[in-house]
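The values are calculated or read from the model by the stated rules, or taken from the named source; none is laboratory data. Remember, it's a predicted structure, so these values are computed and weren't measured experimentally. Virtual Cβ from ideal backbone geometry, glycine too; neighbours counted across all protein chains shown.
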Amino acid sequence: MGDAHRVGIVGLGVISRAYLDTLVGHAGVRVTAVADLDASRSAAAAAELPGARALTVEELLSSPDVDTVLNLTTPAAHAEIALGAIGHGKNVYGEKPLAATLEDARAVLEAAGKAGTGVGCAPDTVLGTGVQTARAAVEAGSIGRPQFASAVMVTPGHERWHPHPDFYYTAGGGPLLDMGPYYLTSLVHLLGPVRAVTGAAGRLRAERVIGSGPRAGERIPVEVDSHVSGVLEHVNGTLTTLTTSFDGVATTAAPIEVHGESGSLSVPDPNRFDGEVRLHALGDTRWRALAASAGYADGARGVGLLDFLTADGERVPRASGELALHVLETMTALLRSAAEGRRIELTTSAQVPAPVPLTAAAQWHGRPA
């Protein structure tokens, strides 16, 4: 364990358990510290992690026993924690989005560049067999040259199940910034970066009602648009229509579809690591499922962090800060386009991450296949 990457976790909310399930027991990672604004959470987590200390946030960011900070705070705090970690010479990998604003995200990457530290960012679900098998099919020419795509995310909102959903409806929240990274990151893998966007947005309700937990029945204000639609112009000329909404109930639309000259591809939920990829080739009479041919099999939250840690400066991490910045600019440009009623050209781009070859769990985690 002497060569293990030492990780400190800031933010011990719902998603932290999923990360811990992946990290605990991994031979290449040691969780050495945990911190949360709620000290009781830190103490409880440390008690379950041999060798980990419960620290304050400030203590963790400066701890000599931490090489990489895993930032699982709410979006409004992402930049502050990232900048604090970088200021102490730490690498940082965080939940999406990279920051609540484009300016803050740029500041994070600029600080990391000056400090010589690395920045990585979720989502990593796109590295699973679902999106990666779809990408392999596109790159193999199974649909011919891509012409256009659609991406659709519709849900009534997270307040039905989340006991503290306030941040979903404040700055840095909303359906686009919350769920959009899964779809937009997938689209970069499938079709490449975006050069311009046109957006429209609105909100159905001024308040939401918490549906579970100790605050059930409490009303919370909606301070951001809860429905965002738009058109993305990819650098390669492909057009994508995007809908993200907390104002619907359900949809039968495929999460992502990519249409080409000689076929159409149905891509599974990018918020999952797996799922069925289906192809309808020109001349066929029905859709057919494709066997998994790429991606981290049995992927789980944290596989992007493992990919980030093993990059070690020798390659661009697949869940890189640069990709997260481009995705964030795409989203904020859509919101600005909606507010200003005009097409917005982007100032960032992103290198399409290296594809993930089909990798059994035993290879990426040491688990039985």
Of those in the stretch 217-237 that are in contact (Cβ under 8 Å) with a residue 40 or more places away in the chain and assigned to a loop (DSSP other than H, G, I, E, B), the residue nearest to Pro165 (Cα to Cα) is Val222
Among Gly113, Gly130, Gly144, the single one that is modelled with pLDDT of 95 or more, outside any loop (DSSP other than H, G, I, E, B) and closer than 22 Å to His234 by Cα is Gly130
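Filter the stretch 67-86 for residues that are polar (S, T, N, Q) and assigned to a loop (DSSP other than H, G, I, E, B); which is modelled with the highest pLDDT? Write out each step before concluding.
We begin by selecting, within the stretch 67-86, every residue polar (S, T, N, Q); these are 68, 71, 73-74.
In the following step, the residues that additionally are assigned to a loop (DSSP other than H, G, I, E, B) were identified as 73-74.
Details: Thr73: 96, Thr74: 90.
So the residue we want is Thr73.
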With the first residue restricted to the stretch 153-177 and required to be closer than 18 Å to Pro97 by Cβ, and the second required to be polar (S, T, N, Q), Cβ contacts under 6 Å at 6 or more apart or on different chains are Met153/Thr244; Phe167/Thr74; Pro175/Thr244; Pro175/Ser245; Leu176/Thr244
Kindly check whether there is at least one residue in the stretch 46-66 that is among the aliphatic types (A, V, I, L, M), closer than 22 Å to Thr117 by Cβ and assigned to a strand (DSSP E or B). no
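May I ask you to list the residues in the stretch 181-217 that are under 18 Å from the mean Cα position of the chain (by Cα) and among the hydrophobic types (A, V, I, L, M, F, W, C)? If you could, list the steps in order and put the result at the bottom.
Within the stretch 181-217, the first condition is being under 18 Å from the mean Cα position of the chain (by Cα), and the residues that meet it are 181-194.
Residues satisfying the conditions are Leu184, Leu187, Val188, Leu190, Leu191, Val194.
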Scanning the stretch 204-219 for residues that are modelled with pLDDT of 95 or more and of a type in the set (Lys, Arg), the one nearest to Gly248 (Cα to Cα) turns out to be Arg208
Within the stretch 158-180, restricting to residues that are under 17 Å from the mean Cα position of the chain (by Cα) and under 17 Å from Val14 (Cβ atoms), the one that is modelled with the lowest pLDDT is Gly172
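Tell me the helices (runs of 4 or more DSSP H) entirely within the stretch 260-369 that contain at least 2 residues that are surrounded by fewer than 19 Cβ atoms within 10 Å (Cβ to Cβ) and free of Cβ contacts under 8 Å to residues at least 24 places away in the same chain.
Details: elements: 303-311, 321-340, 361-364.
Qualifying helices (runs of 4 or more DSSP H): 361-364.
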Within the stretch 243-259, the residues that are touching a strand residue (DSSP E or B) at 6+ places or on another chain (Cβ under 7 Å) and either modelled with pLDDT under 95 or exposed (fewer than 15 other Cβ atoms within 10 Å of the Cβ) (or both) are Ala250, Thr251, Ala253
Quick count over the stretch 33-84, residues being of a type in the set (Val, Ile, Thr), more than 18 Å from Val108 (Cβ to Cβ) and buried (at least 21 other Cβ atoms within 10 Å of the Cβ), is 1
For the stretch 168-216, the count of residues that are closer than 26 Å to Ala149 by Cβ and part of a strand (DSSP E or B) equals 9
Only one of (1) assigned by TED's automatic domain parsing to the domain that holds Val228; (2) small (Gly, Ala, Ser); (3) out of contact with any Phe, Trp or Tyr (no Cβ under 8 Å at 6 or more places or on another chain) does not apply to Gly116, and that is (1)
